[in-house]
1. Which pairs do you get when a residue that is buried (at least 24 other Cβ atoms within 10 Å of the Cβ), found in the range 14-29, comes within reach of a residue that is of a type in the set (Ser, Thr, Tyr), reach meaning Cβ atoms under 6 angstrom, with the pair 6+ apart or on two chains?
2. Yes or no: the range 170-181 includes at least one residue that is surrounded by 12 or more Cβ atoms within 10 Å (Cβ to Cβ) and modelled with pLDDT of 95 or more.
3. State the number of residues belonging to the range 153-177 that are among the acidic types (Asp, Glu) and free of Cβ contacts under 8 Å to residues at least 40 places away in the same chain.
4. Could you list all residues from the range 145-162 that are of a type in the set (A, V, I, L, M, F, W, C) and part of a helix (DSSP H, G or I)?
5. Out of everything in the range 113-137 that is in contact with a helix residue (DSSP H, G or I) (Cβ under 8 Å, 6 or more places away or on another chain) and among the hydrophobic types (A, V, I, L, M, F, W, C), what residue ends up being farthest from Thr90 (Cα to Cα)?
6. Right, Lys197: under 28 Å from Thr50 (Cα atoms), modelled with pLDDT under 70 and in a helix (DSSP H, G or I) or not?
7. Mind checking whether some residue in the range 70-77 is polar (S, T, N, Q), surrounded by 13 or more Cβ atoms within 10 Å (Cβ to Cβ) and either over 14 Å from the mean Cα position of the chain (by Cα) or at pLDDT 95 or above (or both)?
8. Could you list all residues from the range 141-152 that are within 19 Å of Gln24 (Cβ to Cβ) and in contact (Cβ under 8 Å) with a residue 40 or more places away in the chain?
Amino acid sequence: MTDYKFKIILIGDGSVGKTSLLYQFCQNKFSSDYTITMGANFLKKQIKITKKHSADLVIWDIAGQFEKFGRFHDTFYKNANGALLVFDLTRIKTFESVDKWREDMMQVLGEEIPFVLIGNKVDLVQNIDRPIDPSDSMQYAEQRNSIYIETSAKTGENVEDAFLELSLRMAGIDSETLKKPKEKKKEKKKKKKRQMKKK
């Protein structure tokens, strides 16, 4: 028996990798030949969110063609408990659209729900000048009481972490309290390096 049941929506512009994230997380597979999502699609997965708690997730992949399918968002978003707000790290326009998607979600639901900001396709920006400054993404998330995670639906990098972090937030569990002292120390060092680079 599961402790939690959550509906998650994946939102963001078309071709940012929402469908790929869904299949990587639920079925551990990646394809570069997914067809464009028409309306919405969903899959289910049960996960352990702590040693003692598990959650049943119903994950809805929402079409990125805002103008075409926006009128159906009332139906697609209904009863959502949390969202992954996804943009493509190689296309700055998809980051600029993030706020439009978040505002639409809040307007449709009539309330704020937990979300995690996802910069997807990190495998494509490893050795190039990034068009989107990571500090801008982090700042956007932090100012809205959220967190920013970079993922690769292709390699699976951080995909499980993204869904786990969102699940913990929906359950009202602080992920920081679950981390071991060594992990916290590593994160502090990473944060310090980012701050030094910024200066």
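1. Hits for this filter: Val16/Thr94.
2. There is at least one residue in the range 170-181 that is surrounded by 12 or more Cβ atoms within 10 Å (Cβ to Cβ) and modelled with pLDDT of 95 or more.
3. Residues flagged as among the acidic types (Asp, Glu) and free of Cβ contacts under 8 Å to residues at least 40 places away in the same chain within the range 153-177 amount to 4.
4. Answer for the range 145-162, where residues must be of a type in the set (A, V, I, L, M, F, W, C) and part of a helix (DSSP H, G or I): Val159, Ala162.
5. Per the criteria, the residue is Ile113.
6. no
7. Taking every residue of the range 70-77 in turn, none turns out to be polar (S, T, N, Q), surrounded by 13 or more Cβ atoms within 10 Å (Cβ to Cβ) and either over 14 Å from the mean Cα position of the chain (by Cα) or at pLDDT 95 or above (or both).
8. Glu150, Thr151
The values are calculated or read from the model by the stated rules, or taken from the named source; none is laboratory data. No experiment lies behind these values; they were computed from the predicted model shown. Note that we place each Cβ from the backbone using ideal geometry, even for glycine, and neighbour counts take in every protein chain shown.
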